[in-house]
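Data block below; observations after.
The values are calculated or read from the model by the stated rules, or taken from the named source; none is laboratory data. Remember, it's a predicted structure, so these values are computed and weren't measured experimentally. Virtual Cβ from ideal backbone geometry, glycine too; neighbours counted across all protein chains shown.
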Amino acid sequence: MNSLNSVLIEGNLVRDPEKKELENGSKLCSFSVASNRYFNQDNEKKSEVSFFDVEVWNKTADLCLKTLSKGRGVRVVGRLKQDRWADKEGRNHSKVKVVGENIEFKTKFDKKPTEVQTEEPSDPAF
């Protein structure tokens, strides 16, 4: 019986996704997601950001490569995977990443050119 291993991450891409094709023909798309958390502590608003490495495979990889770019919002549902290896000196290393199984693309808002403002606004809130 498998243990439960499920994760949901929502945030924005830190950089454009990267493509890799393996010798067996499998396609891999990897990207990093920044996820913000806002909270109150001692009557002060605080925030923290966490960065998560995500990989998706084959058809999902193709779709992500076509659709995603730096700054785009995304929701990733998947599982955690731990890679372990030893370096040349025999030291052990590990890294945990998210293997995306379902990807939702957030609405992309294109910035429209704004009119040039020639006078200072009269409202002090600006």
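Laid out as a table, the results:
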{"read-out": "Answer residue from region 62-95, given it is assigned to a strand (DSSP E or B) and among the basic types (K, R) and is farthest from L22 (Cα to Cα) among those", "value": "R75"}
{"read-out": "Complete set of residues in region 1-60 that are part of a loop (DSSP other than H, G, I, E, B) and in contact with a helix residue (DSSP H, G or I) (Cβ under 7 Å, 6 or more places away or on another chain)", "value": "P17, S26"}
{"read-out": "Failed item in (1) surrounded by 10 or more Cβ atoms within 10 Å (Cβ to Cβ); (2) farther than 20 Å from S3 by Cα; (3) modelled with pLDDT of 95 or more, with L80 passing the rest", "value": "(2)"}
{"read-out": "Sole residue being of a type outside the set (G, A, S), free of Cβ contacts under 8 Å to residues at least 12 places away in the same chain and on the phi < 0 side of the Ramachandran plot, chosen from E55, E44, E48", "value": "E44"}
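One line per residue, one yes/no per condition, for (1) of a type in the set (D, E); (2) loosely packed, with under 10 Cβ neighbours inside 10 Å; (3) closer than 16 Å to E104 by Cβ; (4) in contact with a Pro (Cβ under 8 Å, 6 or more places away or on another chain):
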{"site": "N12", "(1), (2), (3), (4)": "no, no, yes, no"}
{"site": "E18", "(1), (2), (3), (4)": "yes, no, no, no"}
{"site": "G25", "(1), (2), (3), (4)": "no, yes, no, no"}
{"site": "V33", "(1), (2), (3), (4)": "no, no, yes, no"}
{"site": "T60", "(1), (2), (3), (4)": "no, no, yes, no"}
{"site": "L63", "(1), (2), (3), (4)": "no, no, yes, no"}
{"site": "K88", "(1), (2), (3), (4)": "no, yes, no, no"}
